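Coordinate-derived values only; no laboratory data. Small disclaimer: the values here were computed from a predicted structure and weren't measured. Because the Cβ atoms are built from the backbone with ideal geometry, glycine has one as well, and the counts that use them run over all protein chains shown.
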Amino acid sequence: MNPRAVRTVRFLLTGLGNVGVPLLEIIQSRASLLMERYRLELLPVGLADSGGAAVSPNGLDIGAVLAVKRARHSVASLPVEGRPGLSGRDLVREVKADLLLEATPTSFQDGQPGLDITRDALSRGMAAVLASKGPLVLGFQELAGMSDLESPGRPPLRFSAAVGASMPLVNVGRRDLALGKLGRFEGVLNSTSHLLLCRMAEGRTYEAALAEAQALGIAETDPTLDVDGWDTAGKLVILANAVMRVPTMLKDVAVTGMRGVTRAELDAAKAKGGQVLLLARGEPVGGEQWEWSVRPTAVDSAHPLARLGAMEMGAVFRSDLHGVNTVINGEQGARGTGAAMLKDVLEIFPD
Ligand SMILES: NC(=O)C1=CN([C@@H]2O[C@H](COP(=O)(O)OP(=O)(O)OC[C@H]3O[C@@H](n4cnc5c(N)ncnc54)[C@H](OP(=O)(O)O)[C@@H]3O)[C@@H](O)[C@H]2O)C=CC1
Ligand SMILES: N[C@@H](CC=O)C(=O)O
C-alpha cells in the first residue's frame, strides 16, 4: 500500500483529433499505473473541439467522450455536459483547472487558436503542455516570459511533443547536454515528408504516400505544412529558442520543401548507400549568430542519419562537452505525441 497522498490534477484539453483522442486513451488506459506509481489522478474537467466543448467540474467520462469522437461528432453533443459553441479560449477563461493540454491545429500565420489559449491558461496560473507548434513558433519569447522557462515561480510550460512527438529532443538538448557549447545541428524532424521521400524512393507515387501518412494520423491538418518544409522549420525555430537559446523566428530559416525532389536524385543517393532527407540544419557562424535552413539534402553512407527508416525521425546534436549524440525514434503514430505530453505532465507534477 502506497502511503503518499493522491494528487488530483484537473485538466482542460483543447483539440480532440489525431493527438487529443489517443492522449485521452492513454490517460484512460494508464490511469491505474499513474495512481500506483505517481499517486496522480488526471481528471478531465473541460474538453474542446471545433464544435464546442464539454464541461464537468466533477470530471468527464473519458469513455463517453471517446465514443462521441469515434462517431465523428463534436464533444459538445454530449447530452448533459455538452456546451455547443463554447470555444477553446472560452473554456480556458471559464473553467477552473490546474493544467491545459493543447492540441489544436498548428497555424504559422497567427499561431491561433493555440496562442491565445496558451496565453490565457498561463495568465490564469495553469500549467500548460503543448503539442501544437504555432504558439511556440510565433510567441516563444513571450510565452517563456509568462512561464517558468524564464520566470521562476510562474506556471510551467512544456512542449516536448511539439518537436518530433515522442523523440526526446527538447529534453536531450535542454537537460542532457546542459552546459555544452552546441555545434552544427541536423535533424529529420517531420515524419510525413520523410515517409513520402522513402516511399517515392521505393517507387510509390507522392499521392499514395501522402494518403498513407494521413491514414497514420501523422500529417498536419494542412499537409502542405509538412511537404513544403514549414513544419520542420517550425520545429527548428522551437529548438533554436529552447535548446540553442538563440531568439529565432520563422523568417530566419531558409526553407525549401520536398516537392521538387526527383526520382533521379532519390536513385543517385540510394546508389551511394545514402538517401535524400528533408534536413533541418543549424550552424553556428560566429558570436551568437546561427544560420538555419530546411532543404532536401542527399546524405552519403557515412552520415549518422543515412539509414533512417521510413517510419523513423532522427537528429544529431554536436556539443564540445558531450560529443556527437544521435537520437533516432521509431514511434510514428500520434500515440507517441500523447505519450510525450504525459511525460511533460509528470515532469510538472513530479513523484
Ligand atoms: N499528428 C501528429 O502526429 C502530431 C501533431 N502535433 C500537433 O498537434 C496538434 C494537433 O494535431 P492533430 O491532432 O494531428 O490535428 P487534427 O486535425 O487531427 O485535430 C485537431 C483537433 O483540434 C480541433 N479544433 C480545430 N479548431 C479548433 C478550435 N478553434 N478550438 C478548439 N478545437 C479546435 C479539431 O476539432 P474537430 O474534432 O471538431 O475537427 C480536432 O479535434 C497540431 O498542432 C499538430 O501540429 C504534434 C506532434 C505530432
Ligand atoms: N505532421 C508532423 C506531426 C508531428 O509533429 C510530422 O509529420 O512530423
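In deg cm²/dmol, rounded to 500, what helix-only [θ] at 222 nm does the chain give when every DSSP H run of at least 4 residues adds -39500 (n - 2.57) and the total is split over its residues?
On the way: 12 runs with 120 residues, N = 351.
Computed ellipticity for the chain at 222 nm equals -10000 deg cm²/dmol.
Between Glu283 and Asp300, what is the label-to-label distance in nm when each label sits 7 Å out along the Cα-to-Cβ direction?
Placing both labels 7 Å along Cα→Cβ, they lie 1.7 nm apart.
Neighbour counts of other C-beta atoms within 10 Å: give me Tyr38, Tyr206 arranged from fewest to most.
Taking fewest neighbouring Cβ atoms as first place, the list is Tyr206, Tyr38.
With a Förster radius of 30 Å, plug the Cβ-Cβ distance of Val80 and Arg7 into 1/(1 + (r/R0)^6) and report the FRET value to the nearest 0.05.
The calculated FRET efficiency here is 0.65.
Pairs to check: Lys235/Lys270; Lys69/Lys251; Lys272/Lys343; Lys69/Lys343; Lys181/Lys272; Lys181/Lys270. Give those whose C-alpha atoms are more than 30 Å from each other in this structure.
Lys69/Lys251; Lys272/Lys343; Lys181/Lys272; Lys181/Lys270
Give the residue from Ile27, Gly183, Ile117 lying farthest towards the positive end of the charge dipole for the chain; charges sit on Cβ (+1 for Lys and Arg, -1 for Asp and Glu) and the dipole is referred to the Cα centre.
Looking along the dipole axis, the top candidate is Ile27.
Which order results if His73, His303 are arranged by neighbouring Cβ count within 10 Å, fewest first?
So the residues, fewest neighbours to most, are His73, His303.
Within the chain, which DSSP H helices have Cα atoms that stretch 30 Å or more along the helix axis and a mean Kyte-Doolittle hydropathy of at least -1.0?
Helices passing the filter in the chain: none found.
Using Cα-Cα distances under 8 Å and only pairs 6 or more residues apart, what relative contact order does the chain have, in percent? Please report the intermediate quantities before stating the final value.
Details: 733 pairs, mean separation 58.8, N = 351.
With pairs under 8 Å counted, the relative contact order is 17 percent.
Work out, step by step, the length gained on full extension between Ala64 and Asp110: first 0.36 nm times the residue separation, then minus their alpha carbon distance; give nm to one decimal.
Stretched fully, the Ala64-Asp110 segment lengthens by 13.2 nm.
Could you put Lys272, Lys69 in order, starting from the residue whose Cβ has the fewest other Cβ atoms within 10 Å?
Final ranking by Cβ density, sparse to dense: Lys272, Lys69.
Over the range 254-315, what is the relative contact order in percent, taking alpha-carbon pairs closer than 8 angstrom and at least six residues apart?
Relative CO of the range 254-315 lands at 35 percent.
List the residues of the range 260-289 whose backbone N lies under 16 Å from a point placed 7 Å from the Cα of Gln141 along the Cα-to-Cβ direction.
288-289
Which residues in the range 114-138 have a backbone N closer than 15 Å to a point placed 7 Å from the Cα of Ser50 along the Cα-to-Cβ line?
Once the point is set 7 Å along Cα→Cβ of Ser50, 114 turn out to lie under 15 Å by backbone N, inside the range 114-138.
Go through the range 89-100 residue by residue and turn each phi into a ³J(HN,Hα) via Karplus (6.51, -1.76, 1.60, θ = phi - 60°); whole Hz please, and just put x for glycine and proline.
5, 4, 4, 5, 6, 9, 10, 7, 7, 9, 8, 10
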